[in-house]
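Let me begin by presenting the structure, written as structure tokens, before commenting on it.
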Amino acid sequence: MKPIPDFPGYFADEDGAIWSEKRGKLKKLKFRQDKDGYNLVQLCNGKRHDLRVARTMLLTYKGIPRNCVDFDACHENGIRSDDRIINLRWDTHVGNMKDVIKARLKKMRAIRKAQKALDLKPVYQTDDPDKPDFMPF
């Protein structure tokens, strides 16, 4: 467990939990999710701040990278709510988008493999030769 920079009395552990120390006791803080599925936590240092847990974890354990403005907090496994430090890394926005594309392609391949195994035709194919095949997204 390490103290969170710029927020005295708050700590982060390697499993992605954020703790508050009040009156000598540690209390695990509850998260809420933003509209995109990322965990948020509210911390105070004289002023309230809603922070993404992933970014807070990286700042606590790995520090600020060079050119911090150009770096995103990236989830290795693609699960936005998995804020364990072993699952997080700093990367450029372009690098993060490449990971998103790879994860979606992997998911599409798994769907196609399951459809083939079940002998189902993909949802984007039609029986009508006059209508072109299309992807619904």
## Note on the structure
Sparse-neighbourhood loop hits (trypsin sites (Lys or Arg not before Pro), segment 1-97; DSSP loop; Cβ within 10 Å at most 10 others) -> ARG23, LYS30, LYS35, LYS47, ARG66
### Task
Would you kindly derive the ³J(HN,Hα) couplings of segment 15-25 from the backbone phi angles with the Karplus curve 6.51 cos²θ - 1.76 cosθ + 1.60 (θ = phi - 60°), listing them in order in whole Hz, with x for Gly and Pro?
8, x, 8, 10, 10, 10, 10, 10, 6, x, 10
#### Entry: Estimated inter-spin distance, ASP50 and LYS113, nm [label 7 Å along Cα→Cβ]
3.9
### Query
Can you give me the relative contact order of segment 2-94 as a percent, contacts being Cα pairs under 8 Å and 6 or more apart?
24
### Summary
The answer for ILE4, listing residues at least 5 apart or on another chain whose modeled amide H is closer than 5 Å to its amide H, is TYR10, PHE11, ALA12
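First check a/c for segment 1-120, with a ≥ b ≥ c the square roots of the eigenvalues of its C-alpha gyration tensor; if it is under 1.5, answer rounded, and if not, answer prolate when a/b is larger than b/c or oblate otherwise.
Prolate shape, in that a/c is at least 1.5 and a/b is the bigger ratio.
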### Summary
Once phi for every residue in segment 80-94 is put through the Karplus expression 6.51 cos²θ - 1.76 cosθ + 1.60 (θ = phi - 60°), the whole-Hz ³J(HN,Hα) values, with Gly and Pro written as x, are 5, 9, 8, 9, 5, 5, 5, 9, 10, 8, 7, 7, 6, 4, 4
## Note on the structure
Sorted by chain and number, the residues with a modelled amide H under 5 Å from that of GLY16, at a separation of 5 or more or across chains, are ILE85
## Note on the structure
Once amide hydrogens are built 1.01 Å from N within the peptide plane, the residues lying 5 or more places from ASP91 or on another chain with amide H under 5 Å from its amide H are ASP72, CYS74
#### Entry: Whole-Å distance, taken between Cα centres, linking segment 100-116 and segment 13-28
39
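Rule-based calculations on the coordinates, nothing more; no lab input. For clarity, every value in this text was computed on a predicted model and none was experimentally measured. Cβ sites come from the backbone with ideal geometry, for glycine too, and all protein chains shown count toward neighbours.
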